[in-house]
Each structure stands twice: as C-alpha cells, then as structure tokens.
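Here the structure is laid out as structure tokens; the discussion comes afterwards.
The values are calculated or read from the model by the stated rules, or taken from the named source; none is laboratory data. Since this is a predicted model, take the numbers as computed values, not measurements. Because the Cβ atoms are built from the backbone with ideal geometry, glycine has one as well, and the counts that use them run over all protein chains shown. To get the accessible areas, we keep the full protein, side chains included, count just its heavy atoms, and leave off ligands, DNA and RNA. Shrake-Rupley method; radii C 1.70, N 1.55, O 1.52, S 1.80 Å.
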Amino acid sequence: MKNNQTISVWDPFVRFFHWSLVASFAIAWLSAEDWRDLHEWAGYSAALLIGTRLIWGLAGSYYARFQQFVRTPASVAAFLQAMRGRKEPRYIGHNPAGGYMIVALILAMLVTALTGWMYTLDAFWGVQWVMNIHDATATLMLMMVLIHVTGVLHASYRHKENLIKAMINGKKRGAEPGDIT
C-alpha cells in the first residue's frame, strides 16, 4: 500500500546548494573557452558552495549530514547487487550509491576549483600539470553528473517518485514498510 503522506527531506540549504552548484558548474563549463572572468567567478562560487556544504554536512539537518548517507563500502556493494536483481530498497535520504556519488562530486568539484584557482596564481600560471588536473577533473565531473542524473531517473522510475521534484520542493513520499530512513 502506497503512503500518500509527504515528509520534508531536503532542507532549503541543501536544495539551494544543489541547484546553485548545478548552475555554477554549467556556467563554468560553458564559459571555459570564451569568457574567462565569468568562468573564474563560477569556479569561485562553486568553491564557496562546496565549503558551506562541507560545514552543513557536519552540522546541518538530519538528511544533509554525511553521517546519515555515507555508508560502508560493503553496504554500497550490497545495494548495487540488489539493484542488479531489481530488489533495491527505497531510501528516504540518499541511497548508499547516491551517498558515494555526492562525496565524489564534492571532491571532484573541490579539486577542479582548487586547480582553477591555482592557475590564476603567478606561481602556477602556465604549469601544465595544474591545467591537466583541472581539465581532467572537470571532464570527470561531467561524466559523474551524467551518471548521477541517470541514477536519479532510475531511482525515480523504480520507486515511483519524482526525485527531481523532491530536490525542488524538499518533500518525498513518507516511509513505507521496507523503506530505509
């Protein structure tokens, strides 16, 4: 029996962070070749967002905290195995694979922003390894974003709930038997 009650899961900061980071990354990606100032400011914005998200991951609301969604490698493997068998449980917050993706995206964005900033310094201007790491992590981010969106669409389909809408309004369907809170 489907629960028609909704609960608040994603707080306003998490939603603001998520969509602002999407915008910052998109602007940085699209402006990389032709609009240096815009590219740099988008990178600085992303770095600021990541810094505040790290703090919120330690002190924020329940579903925003890293301790709530960063699980053991064994639980991620078990979740992925359950996905293969089409028996993965529904999580109210991030599922184990999604939790690891969040951490990976944060780390990749942090490296991308750091190397981008380094490249603006005299000490690193023209240093090829800095640019190579910056470009590689930006490309890796794009691939991870595509995997993330695919995962969101898959989970939305499998559990019959619109996760994109949930990241806009902060609400998800309440827990049902078998769901993990």
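Are there any pairs, at least 6 apart or on different chains, whose C-beta atoms fall under 9 Å, with the first in region 29-46 and closer than 13 Å to A113 by Cα and the second not in a helix (DSSP H, G or I), and if so, which?
Note: pairs meeting the criteria are H39/A32; H39/E33; E40/T120.
Provide a single number: the residues in region 76-105 that are closer than 16 Å to G151 by Cβ and open to solvent by 70 Å² or more (accessible area, probe 1.4 Å).
4
Can you tell me which residues in region 163-173 are surrounded by 15 or more Cβ atoms within 10 Å (Cβ to Cβ) and either in contact with a helix residue (DSSP H, G or I) (Cβ under 7 Å, 6 or more places away or on another chain) or more than 24 Å from F16 (Cβ to Cβ) (or both)?
Of everything in region 163-173, those that are surrounded by 15 or more Cβ atoms within 10 Å (Cβ to Cβ) and either in contact with a helix residue (DSSP H, G or I) (Cβ under 7 Å, 6 or more places away or on another chain) or more than 24 Å from F16 (Cβ to Cβ) (or both) turn out to be L163, M167, G170, K172.
Only one of these is modelled with pLDDT under 95, surrounded by fewer than 16 Cβ atoms within 10 Å (Cβ to Cβ) and closer than 30 Å to E40 by Cβ: D122, D179. Name it.
After applying the criteria, what remains is D122.
Scanning region 57-75 for residues that are hydrophobic (A, V, I, L, M, F, W, C) and crowded, with 18+ Cβ neighbours inside 10 Å, which turns out farthest from V9 (Cα to Cα)?
Across region 57-75, the extreme among qualifying residues is F69.
Give me the residue from region 7-39 that is among the β-branched types (V, I, T) and out of contact with any Phe, Trp or Tyr (no Cβ under 9 Å at 6 or more places or on another chain) and, out of that set, least open to solvent (accessible area, probe 1.4 Å).
The qualifying residue least open to solvent (accessible area, probe 1.4 Å) is I7.
Among (1) out of contact with any Leu (no Cβ under 9 Å at 6 or more places or on another chain); (2) of a type in the set (G, A, S); (3) surrounded by 14 or more Cβ atoms within 10 Å (Cβ to Cβ), which single condition is S156 missing?
All conditions are met except number (1).
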